[in-house]
2 protein chains.
Amino acid sequence: MSMEVAERLTADSMLALWPALSDDERVDGFRLLSPEDARDLFDGLSSPDQADLIRQLSHPEALIWMRVLPPDDAADLLQVIAPEERERFEALLDASTLREAKALLAYAEDEAGGLMNPRFARVRPDVSVDVAIRYLRRQTQQNLATFYYAYVLDQEQRVLGVVSFRELFGAPGDKRVDEIMRTNVVSVVEHTDQESVARTIAAHDLTALPVVDAEGRMRGVITVDDIVDVVQEEATEDIHKLGAVETLGAPYLDVGFLSMIRKRGVWLSVLFVGELLTATAMGYFEHEIARAVVLAMFVPLIISSGGNSGSQAATLIVRSLALRELRLADWWRVCGREIRAGATLGAWLGLLGFVRVLLWQQLGLYDYGPHSILIGATVMLSLLGVVVCGTVAGSMLPFVLRRLGLDPATSSAPFVATLVDVTGLVIYFAVAAAVLHNTLL
Amino acid sequence: MSMEVAERLTADSMLALWPALSDDERVDGFRLLSPEDARDLFDGLSSPDQADLIRQLSHPEALIWMRVLPPDDAADLLQVIAPEERERFEALLDASTLREAKALLAYAEDEAGGLMNPRFARVRPDVSVDVAIRYLRRQTQQNLATFYYAYVLDQEQRVLGVVSFRELFGAPGDKRVDEIMRTNVVSVVEHTDQESVARTIAAHDLTALPVVDAEGRMRGVITVDDIVDVVQEEATEDIHKLGAVETLGAPYLDVGFLSMIRKRGVWLSVLFVGELLTATAMGYFEHEIARAVVLAMFVPLIISSGGNSGSQAATLIVRSLALRELRLADWWRVCGREIRAGATLGAWLGLLGFVRVLLWQQLGLYDYGPHSILIGATVMLSLLGVVVCGTVAGSMLPFVLRRLGLDPATSSAPFVATLVDVTGLVIYFAVAAAVLHNTLL
């Protein structure tokens, strides 16, 4: 009976159940797994979950499982445990993994050094392919994590070239490694930001990217599978910023209530203070509104049309800048394009607004008085002006932020909308003053 | 002199210059490159650029370079040329690549079959490690594109297991392949959507994922480097949707003006029609505004605060749903959390609004008349109501859309803002009617 249950347990099903299990159930389940599944489960756990499990296991078991960890995962684990546990956990690691993990802990999490694996396959340039393959087979038995490329290094550990396993496999056995290696090796230095690492890997379609120090010595290798997480993370950051939230940095339900309130409240307050200007602006036009209350009817319509077109433009430009489809120098081309786009879209929305006013008047749904055509014209011209203004502001603000060295994604949709709300009111009442002069105003 | 120029030309510098070069300059530069750099350049070009280059080259050159293409890239190229050129280009491919490319063209671009490479390393289960390595060295000479894993297949091409090169390298030469292979192989069927492929690869931290047909026969392999592009693409789609733009599907500057206007105009028009309801709502409150013009002052402030808090909530939830941090069943927990968050944030903004009214009154910046405290209270209570309403609408709408089988990202920030604008007006004037009854109204 219990064997049957054990047979149905797999790494995947255990991983899915994990959050719901008690400590005892976790240990029992873990011990019931086949060695292969246990390894998959252990690799699939987050660092805090790995630490929890190690705490529950017997000393011999803990020793086995800690030694399964490659140095980068060991470093992650050492980072999440309490300082007083550090010594106990470190004692479970073998000396070389511990040394490598400690070296990794000196890097920031979001730079090349923090992403790299310090173990990689290396060969000398002057050996034959057959010797290199024999040598690499021996190196592999010592648990190399990354193994699609062998790096050809000189005496000072500088990268001379690279051979992929495919190339090594496909080459005649008696050729020398430096005859078949590729010498145009793309690499990054250890303090390169992870966003730029991801771009380098994507631009060159790389599977693995060597990391070198300031003297050009190879320190480790970053593989593309680590980059998928980086790309997701960076996209999430941009999406959050565009939505005017400070990025949470953790899944929604894992973030504490107060921390979330703070991350949202800061931006909401900034936007609110900006939005207070609309009350000031409306104050200036109090007499116009008192004389022609009908003007107030269209305030939300006009300012939010400006906000929507601005959000659209900002979204497009921020994403294009992030993907490096646009560069700073393109601002002038974009500006010309967005003025035309804004004029076209504004004219279309203006037409819709004009038709709406006249239609309601004709159908008797609302009485705009004897000057309904002039009111329609005011709405139409204001929409044109506000949409052009919103589109240009939304598209240019990301360039301005990039020029100032700030993240363009900070020009979030709500931020642009708030900016355009105030200018939208000024445009609307200025148009109204011109069109309705001597009639309503 | 010309040799010196040639020496400075690299694949990278040519790629950067490519868009600025004439057809002749491209061909001349390409011919000056070392074979290694020429290969890098050719691999780095987009499919339309590859086709352009092939058209300029002599027949023997074109033959060489077309045969460099793996079947998936050949399929991409055949897809971008004019139908009348198809025959000429197909004649340049070798028979097996052409057959494989044609098989790939039968798949949609955004499904597993369209992403996979049909060439992969396969071994029999009953051979020894030494024999497998010798066999794979021979297979490699026939240009296998993906080569981190060898798949162990039975007679019917069904996947029995997988060995990584590392495992094969590290194993004793006389062990049988089926003794060292891993049998818990994650795979996807050929019509799986690319978003789900990306999630599978990320969840299992895979480097390569086999693709099988409905009968379980292995058809190809997707590698993680293809997934980086998919993750970027999907994030771009979500970002565009959140900004209320139909996704462009191409870099900003490459999209035709009219096509861009259409993609933005459709959503702007939909939002505009929704926003027209604010004019109708304002119409209902015309008499209140006429009696207390001061009420109109705070309309933009109140509705945009609701819109901003709604945008925030929608952004957070849409991204969490996309990353599978939240599931449909979590809606109830999220709802409770967002009501509390909305109440906290709304109370805070309400307080700011109340202080603003009283401060301006005290400082003599604006005269709200004898009932300034009541006006402040109206603003405060309305902000509380509007922010709660915006937060709940913004967080629940993505769940509703997911439930209906639609993409949650469609509940864009502007869409939520428009929804909240109308309800915000109703809340504001209802609160005003209650608080200011018998004084201003």
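The values are calculated or read from the model by the stated rules, or taken from the named source; none is laboratory data. These figures come from a predicted structure and were not determined experimentally. With ideal geometry, Cβ positions are generated from the backbone for all residues, glycine too; neighbour counts draw on all protein chains shown.
The single condition from (1) part of a helix (DSSP H, G or I); (2) on the phi > 0 side of the Ramachandran plot; (3) among the basic types (Lys, Arg) that B:Arg324 fails is (1).
Is one or more of the residues making up region A:309-319 under 19 Å from A:Ala434 (Cβ atoms), within 12 Å of chain B (Cβ to nearest Cβ) and touching a helix residue (DSSP H, G or I) at 6+ places or on another chain (Cβ under 8 Å)? No, that holds for no residue. Checking the conditions here, which among B:Leu168, B:Leu253, B:Leu248 is without any contact (Cβ under 8 Å) to a residue 40 or more places away in the chain, assigned to a helix (DSSP H, G or I) and within 30 Å of A:Asp330 (Cα to Cα)? It is B:Leu253. Here B:Ser46 clears all of (1) surrounded by fewer than 19 Cβ atoms within 10 Å (Cβ to Cβ); (2) in contact with a helix residue (DSSP H, G or I) (Cβ under 7 Å, 6 or more places away or on another chain); (3) under 24 Å from B:Val221 (Cβ atoms); (4) not β-branched (Val, Ile, Thr) except the condition numbered (2).
Scanning region A:241-272 for residues that are aliphatic (A, V, I, L, M), within 8 Å of chain B (Cβ to nearest Cβ) and within 21 Å of B:Ser304 (Cβ to Cβ) returns A:Leu242, A:Ala244, A:Val245, A:Ile261, A:Leu268, A:Leu271. Condition check: of a type in the set (Phe, Trp, Tyr) and surrounded by fewer than 19 Cβ atoms within 10 Å (Cβ to Cβ). Does B:Phe272 satisfy that? Judged against the criteria, B:Phe272 is not a match.
Here the condition is being buried (at least 23 other Cβ atoms within 10 Å of the Cβ) and outside the structural domain of B:Val420 (by TED's automatic domain parsing); of B:Leu242, B:Leu326, it holds for B:Leu242 alone. Checked against the criterion of being within 9 Å of another protein chain (Cβ to nearest Cβ), more than 26 Å from A:Asp330 (Cα to Cα) and either in a helix (DSSP H, G or I) or not hydrophobic (A, V, I, L, M, F, W, C) (or both), region B:216-223 contains one or more residues that satisfy it.
Please determine whether any residue of region A:340-347 is closer than 15 Å to A:Gly310 by Cβ and at the interface with chain B (Cβ under 9 Å from one of its Cβ atoms). Yes, the conditions are met somewhere in region A:340-347. Residue count for region A:62-80 satisfying the condition of being closer than 17 Å to A:Leu41 by Cα and touching a residue at least 40 places away in the same chain (Cβ under 8 Å): 1. Among the residues of region B:191-208, those identified as in contact with a strand residue (DSSP E or B) (Cβ under 8 Å, 6 or more places away or on another chain), in contact (Cβ under 8 Å) with a residue 40 or more places away in the chain and within 14 Å of chain A (Cβ to nearest Cβ) are B:Gln194, B:Val197, B:Thr207, B:Ala208. Total residues in region B:96-137 satisfying the condition of being part of a loop (DSSP other than H, G, I, E, B) and under 25 Å from B:Val188 (Cβ atoms): the figure is 11.
If you filter region B:354-374 down to residues that are out of contact with any Gly (no Cβ under 9 Å at 6 or more places or on another chain) and in a loop (DSSP other than H, G, I, E, B), you find that the one that is nearest to B:Leu301 (Cα to Cα) is B:Asp367.
Taking A:Met260 as the residue in question, decide whether it is under 28 Å from B:Leu352 (Cα atoms), in contact (Cβ under 8 Å) with a residue 40 or more places away in the chain and part of a helix (DSSP H, G or I). Considered against the rule, which asks whether it is under 28 Å from B:Leu352 (Cα atoms), in contact (Cβ under 8 Å) with a residue 40 or more places away in the chain and part of a helix (DSSP H, G or I), A:Met260 comes out as no. Residue-level analysis places A:Leu406 among those that are farther than 16 Å from A:Ala313 by Cβ and in a loop (DSSP other than H, G, I, E, B). Within region B:146-184, being of a type in the set (Val, Ile, Thr) and within 11 Å of chain A (Cβ to nearest Cβ) holds for B:Thr146, B:Ile180, B:Thr183. Here region B:122-148 is the region considered, the condition is being surrounded by 20 or more Cβ atoms within 10 Å (Cβ to Cβ) and modelled with pLDDT of 85 or more, and the residue that is farthest from the chain's Cα centre (by Cα) is B:Val129. When the residues of region B:275-308 are filtered to those that are outside any helix (DSSP H, G or I) and facing another protein chain (nearest Cβ under 7 Å), the one that is surrounded by the fewest Cβ atoms within 10 Å (Cβ to Cβ) is B:Val293. Residues of region B:43-63 that are assigned to a helix (DSSP H, G or I) and at pLDDT below 90: B:Asp43, B:Gly44, B:Ser47, B:Pro48, B:Asp49.
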